[in-house]
Each structure stands twice: as C-alpha cells, then as structure tokens.
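Some notes on the structure that comes next.
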Amino acid sequence: RRRRLHRHARRGLALLGVILHGAPSTVEVGGAPVHVRSGFRAGLLAETLDRGTAEGRTDLLRCLYAKGGELPREVSRRPAEALSAGLAWHDAAWGLVGYGDLPGGANRPGRPAPRRVFDWSEDAGIVAADFSRFYGIDLADPATQLHWYRFMALFLSLLRTPDSLVAAAVSARSPLHGGSKEVRAEHSRRARAWALSPTDDELRKAAEARF
C-alpha cells in the first residue's frame, strides 16, 4: 500500500511540475534539445501507430518530430535514440493523473489490457462529446490547440468521472467480478451496447477457438 501511495504521489508531483513550470516540449537527442510536436492531434495520431513494425516506427518519428515534412538533423542522425526519447515524453502523459489504476486495466502504450476497453478511433466521438460537455472544448475546431499533456490530464480525469460517456463505455467493457444475477445481466446488456468492433487479430483468435 505504501509503495502504491508513493507511486501516486510521484504522478501528482509530475503534474504539479507541469502546472508550475509548463508542459515540456523538447527532448534530448545526442545531448541537444530537440522540439517535439506537442499538440494533442500529433499525440492522438501517435497513439494509433504500430510500434512493433519498422514502418510504424518510421511513422512515429515523423509524427513526433517532423516539421514541414522534414525531420530535425539530430533525429535523422540518431533515429533510435530520438524514437526512444520521443515515446518516453509521449507516454509520460499517461501518468499525469494517478488516482488508482486506470479503469478496466487501461490500454496504456506498450501495456495492452487483457481485454480492449477503449479505442481511440472508435471512441473519438464520445471523447469529443465529453470534452465539449465537461470542459467546453471543441476538439473538432481547427482553432483548438492543446498541449498533449493538458489533453491527457483532461482525458484521464474523464475516465474517473462517473457520468462521462468515456467512463460509461470503459466500465461496460471491463470484466465484472461478482454481483447478483440481476447485476450481471445489466452489465452484459451494457457490454453489448458499448461493444467495440472486433479487430482482425480478435476475429482470428475467435475463429481459431471455434476449430
């Protein structure tokens, strides 16, 4: 329990540092500071790219660093170091709000949950709706500019807001442990209502299980 409290305290301090000193927009590559694309749109795109393929990693480098179609010189010279630094910067945003574990086990980058409970592509509509409802922010407006860290602090707070659409969807898709017959039936109903479309990998595994 003490270790868990300390971990949550460190997350809180990380967000406090962002509030006090501003969200970071550079990383160190080859001993030199390099600007990252810190807007929330680049961050969202990075969430959808495949880190496990060479093509995906190349796309991530461009997503995180490219300006006007060109990569900074230090990034081109040291792509592996730049990608590692950029992803560490990007993923740190997931730790900005540390109240307990993320609902449903959370689809953290590089740490997939046993069951998908959230999908950036399919759930984009309810994320946009919640940002509009709770924060008065129109994510679809081209004029809207948010640092990735600010976006994630707001998004992670939505996951813990009981009457948000995001929280409702994640809760419905998460496994239910225990409960009465009526509670389990209601959870099954909500799970069907909020079900994500199966991925190609999920369809393959389901087919293999049948034969």
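The trypsin sites (Lys or Arg not before Pro) of region 147-184 that meet both conditions, a loop assignment by DSSP and at most 16 other Cβ atoms within 10 Å of the site Cβ, are Arg160. Look at the alpha carbon pairs under 8 Å that are at least 6 residues apart: their mean separation over the length of the chain gives a relative contact order of 19 percent. A cut-off under 15 angstrom between Cβ atoms defines the neighbours of Ala140, and their net charge, with Lys, Arg +1 and Asp, Glu -1, is -2.
Entry note, region 114-200: relative contact order of 30 percent, from Cα contacts under 8 Å with a spacing of 6+ residues. Keeping every protein chain present and rolling a 1.4 Å probe, give me the accessible area per residue for the chain in Å². Here the per-residue accessible area is 59 Å². Surface composition of the chain: carbon plus sulfur atoms hold 55% of the accessible area, using a 1.4 angstrom probe and ignoring ligands, DNA and RNA.
Compare Glu47, Glu122, Glu28 by solvent-accessible area with a 1.4 Å probe and give them largest first, with all protein chains kept in place.
Reading off the accessible areas and sorting them downward yields Glu28, Glu122, Glu47.
As a check on your grasp of the helix formula, calculate [θ] at 222 nm for the chain: sum -39500 (n - 2.57) over DSSP H runs of n ≥ 4, divide by the residue count, round to the nearest 500.
-16000 deg cm²/dmol
A simple spin-label model places pseudo-atoms 7 Å from Cα toward Cβ; at Val183 and Ala66 they are separated by 5.0 nm. Here is what passes the span test in the chain: the DSSP H helices with alpha carbon length of 20 Å or more along the helix axis and a Kyte-Doolittle mean of -1.0 or above are 2-21.
Put the Cα centre of region 157-211 next to the Cα centre of region 119-139 and the gap is 19 Å.
The values are calculated or read from the model by the stated rules, or taken from the named source; none is laboratory data. Everything numeric in this text was worked out from a predicted model, so none of it was measured. For neighbour counting, all protein chains shown are included, and Cβ atoms are generated from backbone atoms with ideal geometry for every residue, glycine included. Side chains are part of the model used for accessible areas, which takes the heavy atoms of the whole protein and leaves out ligands, DNA and RNA. Shrake-Rupley method; radii C 1.70, N 1.55, O 1.52, S 1.80 Å.
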